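I have placed the structure first, in the form of structure tokens, so that the comments after it can refer back to it.
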Amino acid sequence: MPTITYIDHDGTERPIEAKNGETVMETAIKNSVPGIDADCGGACACATCHVYVDEAFMDKVGQPEDMEQSMLDFAENVQANSRLSCQIQISDDLDGLRVTTPESQH
Amino acid sequence: MPDTAQLIENDVLARNLEGPIDKVDPSEAALFEHNVHHEVFRRLRREDPVHFLPDSAFGPYWSITKFQDIVTVDSNHKVFSSQPSIVIGDPTDNFQPPMFIAMDQPKHDVQRRAAQPAVAPTQLSELEALIRERVCTILDSLPVGEEFNWVEKVSVELTTQMLATLFDFPFEDRHKLPFWSDVATTSDAVGVVGADMEWRMKHLTECLEYFSRLWVERANQPQKFDFISLLAHSEDTKHMIDEPMELLGNLMLLIVGGNDTTRNSISGGVYFLNKFPGEYEKLKANPELIPNMVSEIIRYQTPLAHMRRIALEDFELGGKTIKKGDKVVMWYASGNRDEEVIENADEFRIDRERARHHVSFGFGIHRCMGNRVAEMQLRILWEEILKRFDHLEVVSEPERVQSNFVTGYVNLPVVLHAKA
């Protein structure tokens, strides 16, 4: 099982054993990882599961599609490595992925 | 003898609950005014969740009543256009100033981006101490042990002060803001019977004149984080002053968006805790439930009952074909009571799991940008109420707003009981 590490705004790290096929958002919610609200429940219809993806994984995680980009456009403090975690599906390739949650979700 | 309102309610309700399904019309404002709209939506969700009505006071329209279908429509802005308006009807006077909530990409995006920093979370954290101080002042001025209208003394006052701050509006003139908000929403386009559209236009023109003066003043000063300064300084919006109708439209959007919605959630919370006394006890025993309760209040109130779209192409939904050009109304008030997504949805539960999963803020690119301001005001208010009062008692049923858009309260009679 791949391990995903969530790092909160204060730098606290939470490594989680994730399941293939689930998303980075779902894994966070199921394991009560703070910093991710996921108001829309994974429909790519809000921007409250915003995370920053570790640079080393940017290629593997890939680029946001149109709708995700539209939602990210209205999130706060968006960076080049910003993604909505409901749109990142976990696979063995992402073992060791590190994502940082922003100070607040908007 | 039943009063006239009762008769109207019964007739409208009977027609919608017992009449043929293809004639059901949830847009009748009397349903909302008497708080019986939920029964009509329950029927639609059960019998005809994607419902077409060929003839109504607002012309033919589709009603989308299930949570997931609302998410589908709301997040598909390429098929479902927000232009030229996001309310069910078009005003009889055709006075429909453009505003970014009622625009599609790309214009929507640039205007929203210009205004949004005023209500972004980091900006709000700067305002928290100020808001708390104001909440305390308002609560400390309330009479204890005697009846008063909570809407007027608390809900309107608090949201007005907040709005004045977001606009950096002259504080002594702040009561103009809720007045203009009421003017903007008193329209025949949302089912208000006898709305005086000439009077409405006159006051909206005053609003435009007032803000145009503020705009010129702000444009000549360094940029700050209020809405007017942000819009006056952004490259994308600084010429809005030369498009007075567009300026007025966006002012109406920001005033109504920041006013009516939170106002009615503030009143609604008080009412719900009285309707569900067990929840009030839970809250008193555990004030840490406040943030979760805030989301539950916003779901249960659903301060804006609907948003409308126009289909730009044919679209299949729930086994029906929505045709290009059709008017589509997403009933948030219904989606928030959808039992398939929300367990015991008709119950107000302050410790509900995943309380944030509601449709009150909408979804997709038009999702409410002031959601964090709303949540913060409600959170601080309840923190301070619990510190001060043993019980906030609703002493008679509220008087509600007549509108199929703004779900709210005109009068909520309460008596405050001091802590022992």
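The values are calculated or read from the model by the stated rules, or taken from the named source; none is laboratory data. Just so you know, these numbers come straight off a predicted model, no measurement behind them. Positions of Cβ are backbone-derived with ideal geometry, glycine not excepted, and every protein chain shown enters the neighbour counts. Accessible surface is based on the protein model in full, side chains and every heavy atom, while ligands, DNA and RNA are left aside. Shrake-Rupley method; radii C 1.70, N 1.55, O 1.52, S 1.80 Å.
Annotations
- Helical content alone sets the calculated 222 nm signal of the protein assembly as shown at -12000 deg cm²/dmol, taking -39,500 (n - 2.57) per DSSP H segment of four or more residues and averaging over every residue.
- Each DSSP beta bridge with both residues in the protein assembly as shown is either parallel or antiparallel, and the antiparallel ones are about 85%.
- A DSSP coil position with no more than 13 other Cβ atoms inside 10 Å describes the following trypsin sites (Lys or Arg not before Pro) in chain A: A:K19.
- Expressed as a whole percent, the accessible area of the range B:339-406 that falls on carbon and sulfur atoms is 43 (1.4 Å probe).
- Projecting the Cα atoms of B:S155, B:P178, B:V110 onto the dipole axis of the range B:110-214, where Lys and Arg carry +1 and Asp and Glu carry -1 at the beta carbon, places B:V110 farthest toward the positive end.
- Annotation: amide H of B:M307 within the under-5 Å range of B:M330, B:Y332, sequence separation 5 or more or interchain, hydrogens built in the peptide plane.
- Relative to the Cα centre, the charge distribution of the range B:4-147, modelled as +1 at Lys and Arg Cβ and -1 at Asp and Glu Cβ, gives a dipole magnitude of about 660 debye.
- Mean per-residue shielding of peptide B:66-77 is 2, counting Cβ atoms of other chains within 10 Å of each Cβ.
- Cα-Cα over 21 Å, subset of A:K30/B:K66; A:K60/B:K78; B:K23/B:K323; B:K66/B:K320: A:K30/B:K66; A:K60/B:K78
- Peptide-level mean, for B:364-376, of C-beta atoms on other protein chains within 10 Å: 3
- Neighbouring Cβ atoms from other chains, within 10 Å of the Cβ of residues in A:43-50, number 5 on average.
- Where GluC sites (Glu not before Pro) fall in DSSP loop in the range B:145-254, at most 13 other Cβ within 10 Å: B:E146, B:E147, B:E235
- Karplus-based coupling profile of the range B:242-248, in residue order and whole Hz: 8, 10, x, 5, 5, 5, 4, with θ = phi - 60° in 6.51 cos²θ - 1.76 cosθ + 1.60 and x standing for Gly or Pro.
- Residues of the protein assembly as shown: accessible area per residue with a 1.4 Å probe, Å²: 41
- Dipole magnitude for the protein assembly as shown: computed about the Cα centre from +1 point charges on Lys and Arg Cβ and -1 point charges on Asp and Glu Cβ, it is near 140 debye.
- Between B:E217 and B:D351, the simple spin-label model (points 7 angstrom out along Cα→Cβ) gives 5.0 nm.
- The calculated FRET efficiency for the pair B:N10 and B:V415, based on their C-beta separation and a Förster distance of 35 Å, comes to about 0.70.
- Antiparallel DSSP beta bridges within chain B, percent to nearest 5: 90
- In order through the range B:406-411: 3J(HN,Hα) via Karplus (6.51 cos²θ - 1.76 cosθ + 1.60), integer Hz, x for Gly, Pro: 8, 9, x, 10, 9, 9
- The dipole here belongs to chain A: it is taken about the Cα centre, uses +1 on the Cβ of Lys and Arg and -1 on the Cβ of Asp and Glu, and is about 200 debye.
- Rounded FRET efficiency, nearest 0.05, which uses the C-beta distance separating B:Q105 from A:D59 and R0 of 25 Å: 0.30
- Here B:E146 and B:K284 are evaluated by their C-beta separation; at R0 = 22 Å the FRET efficiency comes out at 0.50.
- The longest part of chain B holding none of the exposed loop trypsin sites (Lys or Arg not before Pro), meaning those outside H, G, I, E and B in DSSP with at most 16 other Cβ atoms within 10 Å, is B:79-223.
- Highest-MSF residue in chain B out of B:T72, B:T160, B:T407 [GNM, Cα springs under 10 Å]: B:T72
- The GluC sites (Glu not before Pro) of the range B:276-332 meeting both criteria, a DSSP state outside H, G, I, E and B (loop) and at most 13 other C-beta atoms within 10 angstrom of the site's C-beta, are B:E313.
- Among residues other than B:I138 with Cβ under 14 Å from its Cβ, the summed charge is +1 (Lys and Arg +1, Asp and Glu -1).
- The range B:154-203-the range A:21-86 distance, computed between alpha-carbon centres (Å): 37
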